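Chemist: For reference, the structure I am asking about is given below.
The values are calculated or read from the model by the stated rules, or taken from the named source; none is laboratory data. This is a predicted model, so every value here is computed, not measured. Please note: Cβ atoms are built from the backbone with ideal geometry, for glycine as well, and neighbour counts cover all protein chains shown.
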Amino acid sequence: MKIAIHNGKRFNIEWRNYCHSNGIAYKLVNCYSNSIIHDLSDCDALMWHFEQENPRDVLFAKQLLYSVQSSGKRVFPDFNTVWHFDDKVGQKYLLESIGAPLVPSYVFYTREEAIKWLEGATFPLVNKLRTGSASIHVKKVSTRAMALRIINKSFKRGFRAFKRKKYLLEQIRRYRAGIEGFECVLKGMRDFIFVPRSLRGLPTQKGYVYFQEFIPDNDHDIRLIIIGDRAFGIKRLVRHNDFRASGSGILRFGKELFPEGLIKTAFDISDRLKTQCIAMDFLHKEGKPLLVEISFGFPYKKFSEECPGYWDRYLNWHEGKFNPYGWMVENVIKINR
Ligand SMILES: Nc1ncnc2c1ncn2[C@@H]1O[C@H](COP(=O)(O)OP(=O)(O)O)[C@@H](O)[C@H]1O
Ligand SMILES: [Mg+2]
């Protein structure tokens, strides 16, 4: 068994270190190379942690991974794990189809249908783009007039995938809250003035509009990450005077923060979706969990380094540091997943 690992950052580095320290045969490859398929000929598997905000990756990462999977090799992330990544509209259909507890979500592909639905809608609502992270494209819609403006924009000009002003304000917030150093403000200012060419390449979002019911009284969301037969969790508090937790940077860790029933639900969803790795973000309404989003990736390092331990499938708690990137490699080596 020899694993090809993309020679890149984030999880890619951890996979490579894990293989190196554990005597697992691996080869570094460049997934951007025209000869990538040929380069994989002496390997049994390909692992690539691609980036959702890199337009080059968005262009072809999934297509490459699915092609390699079709040839019979193992890949990470595989089709079941990643086809819905950074695609909230896709996730709506998927989670509805397996009867998962998704926040009630509505999508329309014409202005007329959206406006007709709006007549019977109750407020507040939440509007999102199908792509994006760190809450950047998530807003509360309190009035019909605001919903109408969003609908009109969705079917005319559309929404830019990179919002430089929001991004700068968010970087200032992170600095002020003591979450990051002043470099993050400098980066926000630089990207405000010279929007990186890579980010300019992300497609404008238009031709659809997506709303969700607003789930009130949640001062946090709960992220549970399932990798094979193991789970770990992070509680993310909302920003000051805001309803959005994702990207707030205000995190809490600890076994007691996560009810066992929720961990069971998360294992059950992961089993039904047959995913190799899935982060599930839950809100609560009247004590019942509701999913807002799923994704195969999670912020590199930060989460797992601060978690005091993990659960196995039988909900036994294992105290101590752990290496979720190593679990991913081990699961690729195993036949069944
Ligand atoms: N329908 C909703 N009702 C209330 N709060 C929500 C709802 N959807 C999302 N949120 C809050 O907004 C945050 C960001 O939403 P999410 O859909 O995960 O977007 P992103 O992909 O940017 O993380 C969540 O972490 C949650 O705290
Ligand atoms: Mg999210």
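Chemist: Tell me which helices (runs of 4 or more DSSP H) are completely within region 218-337 and hold 1 or more residues being at pLDDT 95 or above, closer than 27 Å to Ala61 by Cβ and not charged (D, E, K, R), or say none if there are none.
Modeler: Details: elements: 260-273, 302-306, 324-333.
In region 218-337, the matching helices (runs of 4 or more DSSP H) lie at 260-273, 324-333.
Chemist: Take Thr81 and decide whether it is in a helix (DSSP H, G or I), closer than 30 Å to Gly228 by Cβ and either polar (S, T, N, Q) or in the same structural domain as Pro203 (by TED's automatic domain parsing) (or both).
Modeler: Working: in a helix (DSSP H, G or I): yes; closer than 30 Å to Gly228 by Cβ: yes; either polar (S, T, N, Q) or in the same structural domain as Pro203 (by TED's automatic domain parsing) (or both): yes.
For Thr81, the condition - in a helix (DSSP H, G or I), closer than 30 Å to Gly228 by Cβ and either polar (S, T, N, Q) or in the same structural domain as Pro203 (by TED's automatic domain parsing) (or both) - is met.
Chemist: Working only within region 143-168, note down all residues that are under 18 Å from Gly207 (Cβ atoms) and polar (S, T, N, Q).
Modeler: Of region 143-168, the ones under 18 Å from Gly207 (Cβ atoms) are 147-161.
Within region 143-168, Asn152, Ser154 qualify.
Chemist: Scanning for something buried (at least 19 other Cβ atoms within 10 Å of the Cβ), hydroxyl-bearing (Ser, Thr, Tyr) and within 16 Å of ligand 2 (Cβ to nearest atom), does region 262-271 turn up at least one residue?
Modeler: no
Chemist: Has region 107-115 got at least one residue that is buried (at least 18 other Cβ atoms within 10 Å of the Cβ), farther than 28 Å from Ser270 by Cα and either at pLDDT 95 or above or of a type in the set (A, V, I, L, M, F, W, C) (or both)?
Modeler: yes
Chemist: Is at least one residue of region 224-241 surrounded by 18 or more Cβ atoms within 10 Å (Cβ to Cβ), under 24 Å from Lys163 (Cβ atoms) and either touching a helix residue (DSSP H, G or I) at 6+ places or on another chain (Cβ under 6 Å) or not assigned by TED's automatic domain parsing to the domain that holds Glu319 (or both)?
Modeler: No: region 224-241 contains no residue that is surrounded by 18 or more Cβ atoms within 10 Å (Cβ to Cβ), under 24 Å from Lys163 (Cβ atoms) and either touching a helix residue (DSSP H, G or I) at 6+ places or on another chain (Cβ under 6 Å) or not assigned by TED's automatic domain parsing to the domain that holds Glu319 (or both).
Chemist: Can you work out which of the residues in region 126-182 that are in a strand (DSSP E or B) and within 16 Å of ligand 2 (Cβ to nearest atom) is surrounded by the fewest Cβ atoms within 10 Å (Cβ to Cβ)?
Modeler: Filtering region 126-182 for residues in a strand (DSSP E or B) gives 126-128, 138-141, 159.
Subset that is within 16 Å of ligand 2 (Cβ to nearest atom): 126-128, 138-140.
Working: Val126: 19, Asn127: 19, Lys128: 21, Val138: 20, Lys139: 18, Lys140: 14.
The extreme case among them is Lys140.
Chemist: For region 119-129, state whether one or more residues are polar (S, T, N, Q), within 15 Å of ligand 1 (Cβ to nearest atom) and outside the structural domain of Tyr208 (by TED's automatic domain parsing). First the steps, then the outcome.
Modeler: Kept after step one, since they are polar (S, T, N, Q), are these residues of region 119-129: 122, 127.
Pick out the ones that are also within 15 Å of ligand 1 (Cβ to nearest atom) and you get 122, 127.
Now restrict to residues that are outside the structural domain of Tyr208 (by TED's automatic domain parsing): none.
Scanning region 119-129, I find no residue that is polar (S, T, N, Q), within 15 Å of ligand 1 (Cβ to nearest atom) and outside the structural domain of Tyr208 (by TED's automatic domain parsing), so the answer is no.
Chemist: If the requirement is being in contact with an Asp or Glu (Cβ under 9 Å, 6 or more places away or on another chain), more than 16 Å from ligand 1 (Cβ to nearest atom) and either in the same structural domain as Asn54 (by TED's automatic domain parsing) or not aliphatic (A, V, I, L, M) (or both), which of these qualifies: Gly188, Gly132, Gly207?
Modeler: Gly188
Chemist: If you don't mind, another one. Considering region 152-194 alone, what residues qualify as being closer than 17 Å to Ala134 by Cα and hydroxyl-bearing (Ser, Thr, Tyr)?
Modeler: Of everything in region 152-194, those that are closer than 17 Å to Ala134 by Cα and hydroxyl-bearing (Ser, Thr, Tyr) turn out to be Tyr167, Tyr175.
Chemist: Considering Phe123, Phe182, Phe155, which residue is farther than 15 Å from Arg239 by Cβ and modelled with pLDDT under 95?
Modeler: Values: Phe123 fails: modelled with pLDDT under 95; Phe155 fails: modelled with pLDDT under 95.
Every option except Phe182 fails the conditions.
Chemist: Give me the residue from region 191-217 that is surrounded by fewer than 14 Cβ atoms within 10 Å (Cβ to Cβ) and over 20 Å from the mean Cα position of the chain (by Cα) and, out of that set, modelled with the lowest pLDDT.
Modeler: My answer is Arg197.
Chemist: Based on this model, can you work out whether Tyr310 counts as farther than 30 Å from Phe243 by Cβ and among the hydroxyl-bearing types (Ser, Thr, Tyr)? Give the derivation first.
Modeler: On the way: farther than 30 Å from Phe243 by Cβ: no; among the hydroxyl-bearing types (Ser, Thr, Tyr): yes.
Against the criterion (farther than 30 Å from Phe243 by Cβ and among the hydroxyl-bearing types (Ser, Thr, Tyr)), Tyr310 does not qualify.
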